[in-house]
Amino acid sequence: MSTSTNPTTAAETAPQAVEDARPVRGFIERYALVGLLVLLFGVCSIALPEFRSISILQVMVSSQAVVLLLALTATIVLRTGYFDLSIPAIMLTATAIIVVGNHHGQPLALLILIALVAGAAVGGLNALLIVWLGVDSFVTTLGVFTALTGLTYAITDSKVVLGVPDALINFSRDREFGLPAITYYGWGLAIVLWYVYQRTPLGRYMLFIGGSPDAAKLSGIRVGRICTGAFVFSGLIAAAVGVLLAGNLGAIDPSIGNQYLLAPYAAVFLGATAITVGRFNAIGTVVALYLLVVGITGLQIAGADTWVNNVFNGCALIIAVSLAKLVARSRARG
């Protein structure tokens, strides 16, 4: 007695098996980072008794509020295919305007207006150089970052300046459920950007432009205007973060700009490997940021030195970019 296999049936079954596996594979790709966050948090909670404290959880979340705001702001320009390194410097310059201006007796409302206009103006300058003149976005915004860092030193006279109105301090620091208000502003921005990216034509246009600006132009999309708006809005939000930072710190230290340069982009690129894989997205950025802070906090509680922050964030950025490349190649192969 012999057993034979129908070649036609086998040929039909193989593609069907691949098709059935795609939803599972897609789910794993989208939520692997979320699972890793849960797993890492569980491991740290089991291995480190101090990690189980509610106060530690509150500190982890609240300490990353400014980084979260910067990371979400960075996704705006990145989604259009450009890069903006000037965001942390815009934030710090806005903070300097608020604190130093208050130190000289200027009204808070006027200082906030000046800071926001300055942020939008820097964004407009970036757009002019990058979108309309075609200068490389990485080089341009790195130059702007350096120039604004120097300007911040000039505004503060290279000193730590103290003094912020109580109204602004309360606006940033007022606590609900153990978390400062600035944390909720970060979550609010994440929800707004998620809605814009996923539920509006503008979000789809930005994604289309980031994938192929030439094809977007041929489709009738106003590429120049949308990219310019992305840079201007990014600068405006970065300045608003600077206003919140002034209230959160109650002072300005011109030397802290560099510490806000790497962490936001590590979260953004790592976040592009989750939720909406291969695309810069708001929710993935939030998940990635908290994954990084759980890992860093766990290492610090275990006795690691403070330099582990930069090493961890740097390695995460390298891994994130590598994973994004691998995912893109895998999808291209079908």
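The values are calculated or read from the model by the stated rules, or taken from the named source; none is laboratory data. The structure presented is a predicted model; accordingly, all values stated were derived computationally and were not measured. For neighbour counting, all protein chains shown are included, and Cβ atoms are generated from backbone atoms with ideal geometry for every residue, glycine included. All accessible areas refer to the heavy atoms of the entire protein, side chains included, with ligands and DNA or RNA removed. Shrake-Rupley method; radii C 1.70, N 1.55, O 1.52, S 1.80 Å.
Of the residues that make up segment 212-224, is at least one at pLDDT 95 or above, closer than 19 Å to TYR82 by Cα and either hydrophobic (A, V, I, L, M, F, W, C) or in a loop (DSSP other than H, G, I, E, B) (or both)?
For segment 212-224, residues at pLDDT 95 or above, closer than 19 Å to TYR82 by Cα and either hydrophobic (A, V, I, L, M, F, W, C) or in a loop (DSSP other than H, G, I, E, B) (or both): absent.
Would you check which residues across segment 249-262 are assigned to a helix (DSSP H, G or I) and under 14 Å from ALA89 (Cα atoms) and list them?
Result: GLY257, ASN258, GLN259, TYR260, LEU262.
Quick grid of which residues meet (1) touching an Asp or Glu at 6+ places or on another chain (Cβ under 7 Å); (2) modelled with pLDDT under 85; (3) in a helix (DSSP H, G or I):
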residue: GLY247; (1), (2), (3): no, no, yes
residue: LEU270; (1), (2), (3): no, no, yes
residue: ILE275; (1), (2), (3): no, yes, no
residue: PHE280; (1), (2), (3): no, no, no
residue: LEU289; (1), (2), (3): no, no, yes
residue: VAL294; (1), (2), (3): no, no, yes
residue: VAL311; (1), (2), (3): no, yes, yes
residue: ILE318; (1), (2), (3): no, yes, yes
residue: ALA324; (1), (2), (3): no, yes, yes
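Is it the case that segment 100-107 has a residue that's more than 22 Å from PHE171 (Cβ to Cβ), in a helix (DSSP H, G or I) and either open to solvent by less than 50 Å² (accessible area, probe 1.4 Å) or at pLDDT 95 or above (or both)? Step through it out loud before you land on a result.
Narrowing segment 100-107 to residues more than 22 Å from PHE171 (Cβ to Cβ): none.
For segment 100-107, residues more than 22 Å from PHE171 (Cβ to Cβ), in a helix (DSSP H, G or I) and either open to solvent by less than 50 Å² (accessible area, probe 1.4 Å) or at pLDDT 95 or above (or both): absent.
Only one of ILE87, ILE114 is within 25 Å of the chain's Cα centre (by Cα), open to solvent by 10 Å² or more (accessible area, probe 1.4 Å) and either under 27 Å from GLY278 (Cα atoms) or of a type in the set (A, V, I, L, M) (or both); which?
ILE114
Among the residues of segment 122-146, how many are under 21 Å from the mean Cα position of the chain (by Cα) and open to solvent by less than 80 Å² (accessible area, probe 1.4 Å)?
Matching residues across segment 122-146 total 13.
Are any residues in segment 296-309 exposed (fewer than 14 other Cβ atoms within 10 Å of the Cβ) and either at pLDDT below 80 or in contact with a helix residue (DSSP H, G or I) (Cβ under 6 Å, 6 or more places away or on another chain) (or both), and if so, which ones?
Scanning segment 296-309 gives GLY303, ASP305, THR306, TRP307.
Which members of segment 154-167 meet the condition of being open to solvent by less than 80 Å² (accessible area, probe 1.4 Å) and assigned to a helix (DSSP H, G or I)?
Once the filter is applied, which keeps residues that are open to solvent by less than 80 Å² (accessible area, probe 1.4 Å) and assigned to a helix (DSSP H, G or I), segment 154-167 yields ALA154, ILE155, THR156, ALA167.
Quick check on my filter: what residues within segment 168-200 are assigned to a helix (DSSP H, G or I), open to solvent by 70 Å² or more (accessible area, probe 1.4 Å) and more than 17 Å from VAL287 (Cα to Cα)?
ASN170, PHE171, ARG173, ARG199
Looking at segment 204-222, which of the residues that are touching a residue at least 12 places away in the same chain (Cβ under 8 Å) and under 23 Å from ALA71 (Cα atoms) is surrounded by the fewest Cβ atoms within 10 Å (Cβ to Cβ)?
GLY211
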